[in-house]
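The values are calculated or read from the model by the stated rules, or taken from the named source; none is laboratory data. Worth saying up front: this structure is predicted, and the values here are computed from it rather than measured. Note: ideal-geometry Cβ built from the backbone for every residue, glycine included; neighbour counts use all protein chains shown. Accessible surface areas use protein heavy atoms only, side chains included; no ligands, DNA or RNA. Shrake-Rupley method; radii C 1.70, N 1.55, O 1.52, S 1.80 Å.
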Amino acid sequence: MKRELFSSKIGFILAAAGSAVGIGNLVAFPVMASQNGGAAFLIMYAFFVFFICLPVMLAEMSLGRHTRQNPHGAYSKIGQTPLWNGVGWLAVITPFMIGVFYLVITVWIFGYLAKAVMGQLDTLAQDGAFGVFINSNELYIYMAVVIGLTFLILQSGVKQGIERAATYLMPALFVMLLLLVGYVLTLDHAMLGVQFFLIPDFSKINVQVLTDSLAQAFFSLSLAMGILITYGSYIQKNNDIVGAGKMVAGLSLLVACCAGLLILPAVFWSDPSIDPSELTDSSIGMIFMVLPKIFLALQQDIGFFGASFVASFFFLLVFFAAMTSLISIIEVPVASLMDTKGISRRRSLITLGVVMIALSVLSALSFGRVDWLTSFLSYGGADKSFFDVIMDVFYYSILPLNGLLLCLFVIYRWKKVNLHAEMREGNPGFEGSLMQKYIDVSLGTFIPAILAVIFLLNVLGRFFGVQVF
């Protein structure tokens, strides 16, 4: 089958930015910044985005465009050994399994959006409301809607589906984010949150914070999930990959900064004496347990209808971000099945969708509703649910391993000269540039070393309960 391509460079940038801008940027980043020195964390995060993550991003895009293949096809076409063939399958299975739990989280967000629109903000703000919601039967109604939307977008293909969705959703997301930031900054005590976020506290920086910030930057840019290899295979030859990669990285960082200026000032408005670092240690807790209470408190100033409107606006923003990321994640195994088996997009979606939905339902049932799924395995000194196991294995462990293997493959199997040739397409000035020299050195030396350390730390900490730092 003839391979579809993005219609333009901006189409690719918006689609790739849609993949990068997700829950990690909008919520996880502000949570981590609040716990780890505010602007000190921001500075480290920005450094890692451009000096560690960008070279990996450019390598993925280049590999995809050169081979015009999905991750498995790219590794197999160039590697031509059983080892690299296996690495290719790992690069496809990883996003598929990440898509399982990401679908569940997206359904939760859509459910909260629906309830906020229906005027049930007071219910969402009650203690224990989240636990009741994720074990309710209505959850599966919201799941059906999210699955239907995802299928419709992906079924329409690269141009009419993925690119068109990104063309509408991403600008809408940016506008909504800026409007919310503008509104929140007008609230009382909001400047306390701005100061908390923008004044660095380097005393909180340690080795663990460094590794966490790098992991956050790596994950938030959708690296090592096969997404950028797949999207790269849809880029036209005359497009500048280096320029596009810089733009995607910059947009991702910009959204993270705006999210910090949205959430932390809102926290200080609700209680000027609060320490945001003590609110929650997770993005899930911030979205579903903390923020509904903050939104409800807005009714003191703008009434219940106004508070519900702001909450709905926020959850719509997060839902758009989650959907663009979910679409990109699922596109990887879909493209792989189409390329490998030569079957239609629709048939690939249905085949993979049945399996993913079944696993997502099992994940959704693992929060106390079904005992054996709730205590699925025990390791690292704790019982783990089916949902937890998927996250620990694929998101926290295999993802950095995939990044490590990608760097080694590009530099030592595909070779630098071929990487250079691909990056020169659409950007003749890349040859001999400082960027070229930095990519050569970083991808072949310290970036894979750092990813190896993150992989080992995650495995030791999550599966064996060993905290090195």
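Against the longest principal axis of the chain, how steep is helix 399-408, in degrees 0 to 90 to the nearest 10, with axes from Cα atoms?
30
Ranking request for peptides 339-350, 50-61, 448-459: highest mean number of other beta-carbon atoms within 10 Å first, then the rest in descending order.
So the order, starting with the most tightly packed, is 50-61, 448-459, 339-350.
Can you give the translational diffusion coefficient of the stretch 1-42 in µm²/s, computed by Stokes-Einstein from the Kirkwood radius over Cα pairs at 25 °C and 0.890 mPa s?
195
Report, in listed order, any pair from Lys341/Lys416; Lys2/Lys416; Lys159/Lys237; Lys159/Lys246; Lys237/Lys416 with a Cα-Cα distance greater than 25 Å.
Result: Lys341/Lys416; Lys2/Lys416 exceed 25 Å.
Sequence neighbours fewer than 8 away in the same chain don't count; with that in mind, list the lysines whose C-alpha is under 28 Å from Lys384.
Cα-Cα hits under 28 Å: none found.
How big is D, in µm² s⁻¹, for the stretch 291-334 by Stokes-Einstein at 20 °C and 1.002 mPa s if Rh is the Kirkwood radius over C-alpha pairs?
181
Please list, ordered by chain and number, the residues whose modelled amide H lies under 5 Å from the amide H of Lys384; skip anything fewer than 5 residues away on the same chain.
Phe376, Leu377, Ser378, Tyr379
Sort all Cα-Cα distances of the stretch 42-162 into consecutive 5 angstrom bins from zero, then give the percent of pairs in each bin up to the one containing the longest distance.
Cα pair-distance distribution for the stretch 42-162, in percent: 2, 9, 11, 13, 13, 13, 13, 12, 8, 4, 2, 0.
Evaluate the charge dipole of the chain about its Cα centre and quote only its size in Debye, nearest 20, assuming +1 on the Cβ of each Lys and Arg and -1 on the Cβ of each Asp and Glu.
1920
Where Rh denotes the Kirkwood radius from the mean inverse Cα pair distance, what is Rg over Rh for the chain?
0.95
Dividing the Cα convex hull volume of the stretch 341-443 by residue count, how many Å³ per residue is that?
In the stretch 341-443, the Cα hull volume divided by residue count equals 184 Å³.
Once the dipole of the stretch 345-399 is set up with Lys and Arg at +1 and Asp and Glu at -1 on Cβ about the Cα centre, which of Val389, Ser363, Ser375 lies farthest towards its positive end?
The residue sitting most towards the positive pole is Ser363.
Semi-axes, largest first, in whole Å: what does sqrt of 5 times each Cα gyration tensor eigenvalue give for the stretch 68-116?
36, 10, 4
Take the Cα coordinates of the stretch 172-294, assign each an equal point scatterer, and use the Debye formula without solvent to give log10 I(q)/I(0) at q = 0.11, 0.12, 0.18 Å⁻¹.
The computed values of log10 I(q)/I(0) come out as -0.51, -0.60, -1.13.
Give me the accessible area per residue for the chain, probe 1.4 Å, as a whole number in Å².
So the chain comes to 38 Å² accessible per residue, rounded to a whole number.
In degrees, nearest 10, range 0 to 90: what is the angle between the Cα axis of helix 39-48 and the longest Cα principal axis of the chain?
20
Could you tell me the center-to-center distance, by alpha carbons, between the stretch 341-360 and the stretch 149-187 in angstrom?
So the two Cα centres are separated by 25 Å.
Through the Karplus equation 6.51 cos²θ - 1.76 cosθ + 1.60, θ set to phi - 60°, convert the phi angles of the stretch 357-372 into ³J(HN,Hα) values in whole Hz; use x for Gly and Pro.
Ordered by residue, 3J(HN,Hα) equals 5, 4, 5, 5, 5, 4, 4, 5, 7, 9, 10, x, 7, 10, 4, 5 Hz.
What is the packing order of peptides 134-142, 380-388, taking the mean over residues of other C-beta atoms within 10 Å and listing the highest first?
Ranked from most to least packed, the peptides come out as 380-388, 134-142.
How would you order 357-363, 414-420, 213-219 from highest to lowest mean count of nearby Cβ atoms within 10 Å?
213-219, 357-363, 414-420
How large is the helix-only mean residue ellipticity at 222 nm for the chain, computed as the sum of -39500 (n - 2.57) over DSSP H runs with n ≥ 4, divided by its residue count, in deg cm²/dmol to the nearest 500?
-22000 deg cm²/dmol
Size of the stretch 424-469 along its principal axes in angstrom, Cα-based, largest extent first?
Projected onto the principal axes, the Cα atoms of the stretch 424-469 cover 50, 17, 13 Å.
Equivalent-ellipsoid semi-axes (√(5λ), Cα gyration tensor) for the stretch 164-222, whole Å, largest first?
28, 23, 5
Rounding to the nearest 10 and keeping the result within 0 to 90°, find how far the Cα-based axis of helix 241-270 lies from the longest principal axis of the chain.
Roughly 10 degrees between the two axes.
Determine the principal axes of the Cα atoms in the stretch 96-189, then give the extent along each, sorted from largest to smallest and rounded to whole angstroms.
44, 37, 25
Please give the length that would be gained between Phe304 and Ile10 if that part of the chain were fully extended, namely 0.36 nm times their separation in residues minus their C-alpha to C-alpha distance (nm, one decimal).
Taking Phe304 through Ile10 to full extension adds about 101.8 nm, to one decimal.
If the stretch 354-414 were replaced by its equivalent ellipsoid, with semi-axes equal to the square roots of 5 times the Cα gyration tensor eigenvalues, what would those be, largest first, whole Å?
Gyration-tensor ellipsoid for the stretch 354-414: 31, 15, 6 Å.
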